[in-house]
Amino acid sequence: MAASQNKNKEYKNLFNHFPSHLIVLDSNGSVLVSSETFRKLTKYTNKDLEAKKITSLKLFKTKSGSNVIKKIKRILAGKLPKFGELGAIEIVTKSKKKLTVAVNYNLVKSQDKKELIVTFDDVTGCTNLKEDVKTSEALLKDIGALFEKNITGIIIIQNGKIVYGTDYVRNFLGKDYLGKPFVKFIAPEYRVKVMKLYAARLLGRKIPPTYDIKMLFKGPMKDKILDVEIASTLINYKGKKAIMAFAHDITAKKRVEKEIKESEKKYKILADNIDTGLILHGADTKLLFSNLAASKILGLSVDQMQGKIAIDSSWKFVREDGTDMPLTEYPVNKVVSSKKAFKNYIVGIRRKDRKYITWVNVDATPVLVDKALDYVSITFVDITTKKELEKERVEYLVNISKQKNELNTILDNIAEGVFAIDKDNNITLFNEFAAQIFRHSPKTVIGKKYGRFLKFVYQDELVENNLIEEAIGKLKKSDQATLRMDAFNITLVNKMGHKIPVVFDIAELKDEQGELFGYIVTFRDITKFTTIDKLKSEFVSIASHQLRTPLSGIRWFAELLLKQKTSKLDKTQVSYAQQIYDSNKRIISLVDDLLDVSHIDSDEKFGIKKAKTDLYVVVKSVLDDIDHLIKEKGVKVVFKGCTPKKDVLFIDKAKMIQVLYNLLSNAVKYSKRGGIVEISCSKEQRDSYMFCIKDDGIGIPKYQHKQVFTKFFRADNVGLKDREGTGLGLYIARAIIEAHGGNISFDSKEGKGSTFCFTLPKGK
Amino acid sequence: MNNEKKVIIVEDEVALSKALQASLVENNIGFLAAYDGKEALDMINSQKPDLILLDLMLPKLDGFALLKILKDQAETKDIPVIVLSNLGQEDSIAKAVELGIVDYTVKATVDLEDVIDKIKKYLV
């Protein structure tokens, strides 16, 4: 478009030598006004012209002049068109010089009065009209040829009619446009505008160099409205004034302009609606354009960035490793110096007013025109969050692996076996200790079903049952998350078939959502503990034996003193010997009890040897044993419910004597002087016997009831004199009863007495 | 009781042996004392006692081994043996009974009087 405008300008200059001179006549043909140029041309003064009838002017006293006067009269009379050309005439100036002028006219209305504008163009310079025409036609041809290429139509309008048109015009106006009024081809809404411009052009007034109108073109099929840019100029054509119009089809241009506008709009919308920052730098690194995303990422408004160069004090670029970026590495500078595009360049932007660094991933491209750098296009994406996340992730992973290492070190160095299984029974973890005990390497077992490798069984069960399965089942039923399996003698069977006593804990493994994903089992090798336990009971029995020997010596020699057969002691000495004897006896019974307790603690059954036992006999023998106590206390003992030889049970006689001895001696000991001790024996359901020993003694304080059957229990209300026992009697009694499958219980009220009852199954 | 009947006391603990001896003297029961298993075996084989008081934990030859030898010899197998031991465990008692003893007594739990009663019972 710019090119055609320039060409129009050139042609305007080309025709600028056509000056315009005019006079305006009133309806009577008198001169109303004349232009200065006209007066200069004709040398007449205003005085010579104003208010003078045109017919009286000497100016037109030529043959062709008089013709023009006649025509003017007819124009004013409305007998000729309102505007047009009157052809070239000769006029005579005041200085008697003859000039050839081309005359045009335009009848206009001014304040309801008719006025005729007559313009004169001095064409004297064009010596020969015929030649002039020739020249202009040749010129037109050249111009036409020129404009054909630019798709510009040229028409010449004379007297309102199209008198000439280039070939190109035919494409639009059809074949028969010549001789037709050009107005016909103007879109109705533009006709007034065009006519005004046409008149102004004829009158030599200033009009815009180009203007856009719509034209009606006679297409091959039907009329078509096209946008046309018009440039016009006044020319002399065939000796007469004519308008040469250059018509340029700008429909395409308009469309393109519209499209450009649209696409600019779209582009703007697009540019502003993407997350990618866009920046356009000039070759001098000045920032020419930036989009919304660029503003958002950099935190700077368009205005703040516009025109700035890359090296600005308000920001500093940082390399990916956090060090300052030298100027040569700035994206723009890199492109400017290398003229090469690059991608995925990580740049940190540190701003004075921000504590954090904004990280961007930059793509940059040079825009070259004729190998010279025109622009630098830079696009970038904010990766700050991504980078932060990545940093966090890396830190997290480092931490995790640290923790994992720690955990593994712990797992591999603790003296407990640890392994985990998933829901499908595959081994997922197997620590060093587990490996040593099972004699399987973690490599061979991890990822495989545990059942093949890890066996836990009850010690005395012949069938190899899998305890893990059982434990999981129990765990599922309970509302606990962990379960300890130590109530039984559990052994682990390793690869070599060795049985190793263990206790193990099993716990559920749950993820953050509480979803179960497996189980973890920790087990402890208790071989040492069982050995220690054995050693302990061995020690106790040996120690007891070793203690008993000197105690026997004390007992026997005290006895020899008391018999007074070998030595004569006085009464006091005898009582001293008696003290030695009694104290020694207490130590002996204490040792005996301790021995029993150590048996009970190491073995629940502690060597119960059952045999047919007559209950009556047992009770009687105990009563005989404590006869001295009974007599001493003056206690009345009532024994009922047992028949000799009838009530025979399958029990351990010696142990049962021990139980009854403990209970009966307690009952007597803690009875009031002259009190009653009742022994009752009754047959219960299912061949079991119920024994009760009731006294009316001091009873046991309520707050101590819970401790009655514990080791070393002593009732607080027992007098000093009676504090003889070891506090193990009831503990041992309960152990013996329970070893027989029975139960022992009591009822007691302080000051009122106690009743101890136990059940005994008849046995085989 | 008369001095013709002979009891052999097999007890390595001198004090206990002395106590037993004193008691036997008081009761006019003839006796000999051996202080280890070997001495006891020799003594029994040469003296042919009427009763043996036997401790189980003995130096040189323990009570169980001695008992086994005695029960394996025709001339000694019928001599009544009363075990006087401080081994109170069931298994020790059972083992001794199996070897044919007549009584098993835990020393610490009895008076000398009780021991004399038992001796008299088997010396008749």
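The values are calculated or read from the model by the stated rules, or taken from the named source; none is laboratory data. Since the structure is predicted, the reported quantities are computational estimates derived from the model, not experimental observations. Positions of Cβ are generated from backbone atoms using ideal geometry, with glycine treated the same way; all protein chains shown enter the neighbour counts. For accessibility, only protein heavy atoms count, side chains too; no ligands or nucleic acids. Shrake-Rupley method; radii C 1.70, N 1.55, O 1.52, S 1.80 Å.
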When restricted to A:Ile213, A:Ile207, the only residue in a loop (DSSP other than H, G, I, E, B) and not basic (Lys, Arg) is A:Ile207
Among residues of the range A:68-95, those that are in a helix (DSSP H, G or I) and surrounded by 15 or more Cβ atoms within 10 Å (Cβ to Cβ), counted:
6
Given the residues A:Ile587, A:Ile608, which is the only one that is within 12 Å of another protein chain (Cβ to nearest Cβ), over 60 Å from the mean Cα position of the chain (by Cα) and at pLDDT 80 or above?
A:Ile587
Does A:Ala667 satisfy being among the hydrophobic types (A, V, I, L, M, F, W, C), out of contact with any Leu (no Cβ under 8 Å at 6 or more places or on another chain) and at pLDDT below 85?
no
Quick check, is A:Asp624 of a type outside the set (A, V, I, L, M, F, W, C) and modelled with pLDDT of 85 or more?
yes
Scan the range A:223-243 and tell me whether some residue there is within 26 Å of A:Ile23 (Cα to Cα) and open to solvent by 50 Å² or more (accessible area, probe 1.4 Å).
yes
Across the range B:68-100, what is the total count of residues that are more than 9 Å from chain A (Cβ to nearest Cβ) and either over 24 Å from A:Gln546 (Cα atoms) or open to solvent by 20 Å² or more (accessible area, probe 1.4 Å) (or both)?
19
Only one of A:Val367, A:Val362 is of a type outside the set (S, T, N, Q), touching a residue at least 12 places away in the same chain (Cβ under 8 Å) and open to solvent by less than 70 Å² (accessible area, probe 1.4 Å), namely A:Val362
The range B:60-99, residues that are of a type in the set (Gly, Ala, Ser) and under 15 Å from the mean Cα position of the chain (by Cα)
B:Gly63, B:Ala65, B:Ser85, B:Ala96
Report whether or not A:Thr522 is in a strand (DSSP E or B) and either open to solvent by less than 60 Å² (accessible area, probe 1.4 Å) or at pLDDT 75 or above (or both).
yes
Inside the range B:101-124, can you point out the residues that are within 9 Å of chain A (Cβ to nearest Cβ) and in a helix (DSSP H, G or I)?
B:Lys107, B:Ala108, B:Thr109, B:Leu112, B:Glu113, B:Val115
Give the range A:187-206 a look and list any residue that's basic (Lys, Arg) and open to solvent by 50 Å² or more (accessible area, probe 1.4 Å), or say none.
A:Arg191, A:Lys193, A:Lys196, A:Arg205, A:Lys206
For the range A:663-707, the count of residues that are within 18 Å of A:Val618 (Cα to Cα) and of a type outside the set (Phe, Trp, Tyr) equals 18
Pairs where the first residue, in the range A:548-560, is at the interface with chain B (Cβ under 7 Å from one of its Cβ atoms) and of a type in the set (S, T, N, Q) and the second is assigned to a helix (DSSP H, G or I) and open to solvent by 10 Å² or more (accessible area, probe 1.4 Å), C-beta under 7 Å, 6+ apart
none
Residue within the range A:300-316 that is open to solvent by less than 30 Å² (accessible area, probe 1.4 Å), within 14 Å of A:Phe380 (Cα to Cα) and either part of a strand (DSSP E or B) or not β-branched (Val, Ile, Thr) (or both) present:
no
A:Phe746 vs. criteria more than 21 Å from A:Gly641 (Cα to Cα) and free of Cβ contacts under 8 Å to residues at least 60 places away in the same chain
no
Looking at B:Leu32 and the list (1) within 13 Å of another protein chain (Cβ to nearest Cβ); (2) touching a residue at least 24 places away in the same chain (Cβ under 8 Å); (3) open to solvent by 30 Å² or more (accessible area, probe 1.4 Å), which single condition is not satisfied?
(1)
Quick check, is A:Ile532 within 14 Å of chain B (Cβ to nearest Cβ) and either open to solvent by 50 Å² or more (accessible area, probe 1.4 Å) or out of contact with any helix residue (DSSP H, G or I) (no Cβ under 6 Å at 6 or more places or on another chain) (or both)?
no
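Let's see how each residue does on (1) assigned to a helix (DSSP H, G or I); (2) basic (Lys, Arg):
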site	(1), (2)
A:Lys620	yes, yes
A:Cys642	no, no
A:Ala654	yes, no
A:Gln658	yes, no
A:Tyr661	yes, no
A:Leu664	yes, no
A:Ala667	yes, no
A:Ser671	no, no
Looking at this structure, is A:Thr379 closer than 30 Å to A:Glu264 by Cα, among the hydroxyl-bearing types (Ser, Thr, Tyr), open to solvent by 40 Å² or more (accessible area, probe 1.4 Å) and in a strand (DSSP E or B)?
no
Mind checking whether some residue in the range B:64-76 is in a loop (DSSP other than H, G, I, E, B), hydroxyl-bearing (Ser, Thr, Tyr) and more than 26 Å from A:Ala558 (Cα to Cα)?
yes
Take the residues in the range B:3-19 that are touching a helix residue (DSSP H, G or I) at 6+ places or on another chain (Cβ under 8 Å), open to solvent by 10 Å² or more (accessible area, probe 1.4 Å) and charged (D, E, K, R), then tell me which one is nearest to the other protein chains (Cβ to nearest Cβ).
B:Glu13
All but one of (1) open to solvent by less than 10 Å² (accessible area, probe 1.4 Å); (2) away from chain A (no Cβ under 12 Å) hold for B:Lys48; state the number of the condition that does not hold.
(1)
Among the residues in the range A:393-408, are any among the charged types (D, E, K, R) and surrounded by 14 or more Cβ atoms within 10 Å (Cβ to Cβ)?
no
Considering each of A:Ile698, A:Ile651, A:Ile676, A:Ile693 in turn, give the residue that is within 25 Å of A:Asp627 (Cβ to Cβ), touching a residue at least 12 places away in the same chain (Cβ under 8 Å) and in contact with a helix residue (DSSP H, G or I) (Cβ under 8 Å, 6 or more places away or on another chain).
A:Ile693
